[in-house]
1. If residue A:228 meets every condition in (1) at pLDDT below 95; (2) more than 15 Å from the chain's Cα centre (by Cα); (3) buried (at least 20 other Cβ atoms within 10 Å of the Cβ) apart from one, which number is that one?
2. Is it the case that the range C:88-99 has a residue that's at pLDDT below 95, more than 30 Å from residue C:229 (Cβ to Cβ) and in a loop (DSSP other than H, G, I, E, B)?
3. I want to confirm something. Restricting to the range A:194-213 and keeping residues that are within 7 Å of chain B (Cβ to nearest Cβ) and either outside any helix (DSSP H, G or I) or out of contact with any strand residue (DSSP E or B) (no Cβ under 8 Å at 6 or more places or on another chain) (or both), which single residue is surrounded by the fewest Cβ atoms within 10 Å (Cβ to Cβ)?
4. Can we say residue B:110 is at pLDDT 95 or above and touching a helix residue (DSSP H, G or I) at 6+ places or on another chain (Cβ under 8 Å)?
5. Is it the case that the range C:268-278 has a residue that's more than 28 Å from residue C:23 (Cβ to Cβ) and part of a helix (DSSP H, G or I)?
6. Residue C:67: over 30 Å from residue C:27 (Cβ atoms), within 14 Å of chain A (Cβ to nearest Cβ) and crowded, with 22+ Cβ neighbours inside 10 Å, yes or no?
7. Against the condition over 30 Å from residue C:288 (Cβ atoms) and free of Cβ contacts under 8 Å to residues at least 40 places away in the same chain, how does residue C:166 come out, does it pass?
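The values are calculated or read from the model by the stated rules, or taken from the named source; none is laboratory data. Owing to the predicted nature of the structure, the values given are computational and were not obtained by experimental measurement. Here Cβ is always computed from backbone atoms with ideal geometry, including for glycine, and neighbour counts include all displayed protein chains.
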């Protein structure tokens, strides 16, 4: 394949990887603190709806973004309440959150817009528009690098760059700051944090809220950047795929970038090539659509290496006598 | 003798110097967990620059009291005075501010962090890590030179030994400028020589004017290390005495409330033929670390072979392999027949059928299902027993009848087979496990830590049951980290260190000093060579 | 805390809380929640027509609820009921279409085997990956839901679609593979219409409740499943193989989910259509949690959700502002309050009884 054919594919890879990356980093903060979160899906969905709905009503994508993040934060608090304060089962809480988002979004969408659980199509300032990076046009004709810069690096919405920037920021916070040290500690051994005089509850809530913020961005990007509006169940399992990517990435930021780009590429291929002819055999479309899910299972099956999750993950912290 | 009182409000030792207030004074501390009154109206004074021991049985309330002092729990009633000032300690942060440091029995360290990161955690100087770590490195160097607290600041906790981990805990407290140091059962995981090292460190700290509270259930440590000692029993403080003015016998009596036998009464063993024959047993764990490095031993009918050693030197793996929980390489013969150590017939069910019963080290995690009733637990491991089954269904009536008999014979209280395992005390839980395993009349009984977390009254009973089984001509392999228990029960003693048998001794012909050396990896009196054939043993190693 | 408070009072308070919050949602949409409740209850149990649908839905939820419950006893969270039921439907359809069945008495046992085997097979891969590779069963079962859905799209569009037909569905099952429905009860005076969806599978569901009770609390396998669920290290000590129990529990779970198709595919639709499960696999989670993984509890919770489901359909008809997704919201809130926020209610109730008891002493 030549550059001309491969660039659009990589371009859509980047765009499709963005919500996965944001959700994956969200899960990273939560799980590093010891709170498993299979509710990424629901938080993305609720954010996607509120961002698109608010953007549709106010005409401002920024207000939409804020509303989306607020929705995801609210759901994070529910998860925190269940899994930190009331020491409930984190998996069950996550499942409940996913269903709640799935039901509420359509219910409210129907009430507000009466159009089959969708928001009106967004346009103009109600959507994130592409940003042309400096000199993109000027450098366009430079061989190889020019098209890469113009077509691949430049011309994305702000949230794509935010997501990419979130990777080094997450790394820095995690491994170079006091907060990161404590966050990693509380996911490994909350008793060590507690006896050191730091609030386990406070730390875990902070991580869960960061998770809410990032899933909020992911959902908003999905509805106002990648697509032009909200549709029912539009997250389509991305929250779970982000979790698989997180495991694949061994709970590390740079690996998370790689893992989500891989899943993004897969999705881009599936969208671009509805059916694939492989050595004379036609692979049916549904198979291509199922490919990201199949790959998730393959990765989880550990054929690509074993990962050790944070040791205290999934268990509520109870002081022992 | 001053200040002992067997009943009513405890008195406290009068302060030696009129001027200096006690470093710690607790007044009327009470704490209940649900129905259990863990601490009842406890008062105590600890003078600065002393080592104060607190001794009591399991469940006497020692750890609860110290957790209150460290802000882990809030007392229901009572006051805490530090250096003559009333101090409120709502959380650990407040305790640290008040100059209190605590070394818990189970270390509170982050395993995959370095020593430095663990020390800094919670005591950082600002948002960024680098400056904090640099400062900590400097201070750590000073502290370790001052107090013999040598550890590599860049080593990961999971890679260093328990003795070093404990030193990290002490360093953590000192780094936070602790003037009062509480140590909860600090020697449970140490070899005798490591324990000596610890007491040297504590002595150095005392000379610097630090105040130390030592919680233990070992009378010997109290006698050796402390200046004053308080005795707790069933949540109450029964006495506070000067160590120099008391004796182990008196302390034991104060702890239990009656005279106790400190030795097990048993007749000499009459060993029969070899029942269990182990040759060159090797186990490698998931991380690739070899945990058993060629263990060989024999156990005969009618004898108790005690395995002594500091926790974590392969004893648990030995029990797990023999009990069918863990695969291994090597040869094991039971009554002359080789048993499968890796394949399809290597599991707890097959082992039981081969006449091996197992009282596991951790009864709450392994030996019992805490949410099951007593009668469901009696079938645990024996769920295939035809006596407990009727066609495809389990015969719960038969099971309950059997359980009632067992509970009676082993004096389990309360004798209600419908209670869940978790609602019994530690001693009674252990009696349920013992009843289940001993009444199978096994050719070989594996016993791990039979009296851990068990009150003294039950200890005597449990020891007696084990001796009775021996006298019935059965082989017993006993693993315990309590040297007293090993010496009291065993006929022969084998010492494990670093996955190897360091040596075997006749129980009547050895003592704690000799076993202590073997436990630290040094063969006593330079007597080298395998006592009972341990092929392929490498050079002696020093403790980590 | 007395036992009745543990098994009845706490779940009841949880349920009331879930419904209160649901009422607030209805209120927000601008409808009267009391009125909505009345419409739902009347629509669900106010007529033989309503009962026919309510019990039909409840039958689905009994199967999926039991599926989740059995896995829960082994501490496995099977979120794959949706996919397992869908694939179970495929099994039932293949059996029903394979032979020109002369009578349903012959077709039913074969279809039961077909549904159970296909459902179990779909659960087997996540179970194996969990048991052997430690892959998180929650995520793998969810992925298998998506994969099942894609697989059925492919099969119904490209392979199984009856010739000359537009919609992606199989041909109608032969006459001899039609289960009798509650319409036959008209003969003894119960006013069910011949078109009622309630069918013989309801009795099969009740039978399954009893069998699951027997399995969990009376058989050795059930004993081993429960022991494994409470503590894996203890189970290994007792010689219970984690691999074997994980596989068996998930196979039984998947088979129960697959049996749902006897009701929905064989008993009602009489053909395999796209999305024949319609979320019943997920409702099974709420049903199992509310029923505290006990077959009797599952039965009662399934009836409740049957009422909600049928009542919700009526509600959508009479209050168009309240769409069908209201059910999903209620289901989510029930999972949240009975499953994740249980301690919010349990701890105060425990404290209340503790105080009362110590007060008496």
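1. Going through the list (1) at pLDDT below 95; (2) more than 15 Å from the chain's Cα centre (by Cα); (3) buried (at least 20 other Cβ atoms within 10 Å of the Cβ), residue A:228 breaks only (3).
2. Within the range C:88-99, one or more residues are at pLDDT below 95, more than 30 Å from residue C:229 (Cβ to Cβ) and in a loop (DSSP other than H, G, I, E, B).
3. A:197
4. Criteria met by residue B:110.
5. So far as the range C:268-278 goes, yes, one or more of its residues are more than 28 Å from residue C:23 (Cβ to Cβ) and part of a helix (DSSP H, G or I).
6. Judged against the criteria, residue C:67 is not a match.
7. Judged against the criteria, residue C:166 is a match.
Every residue, every condition in (1) at the interface with chain C (Cβ under 8 Å from one of its Cβ atoms); (2) at pLDDT below 85; (3) within 28 Å of residue A:30 (Cα to Cα), yes or no:
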{"residue": "A:96", "(1), (2), (3)": "yes, no, yes"}
{"residue": "A:126", "(1), (2), (3)": "no, no, no"}
{"residue": "A:148", "(1), (2), (3)": "no, yes, no"}
{"residue": "A:157", "(1), (2), (3)": "no, no, yes"}
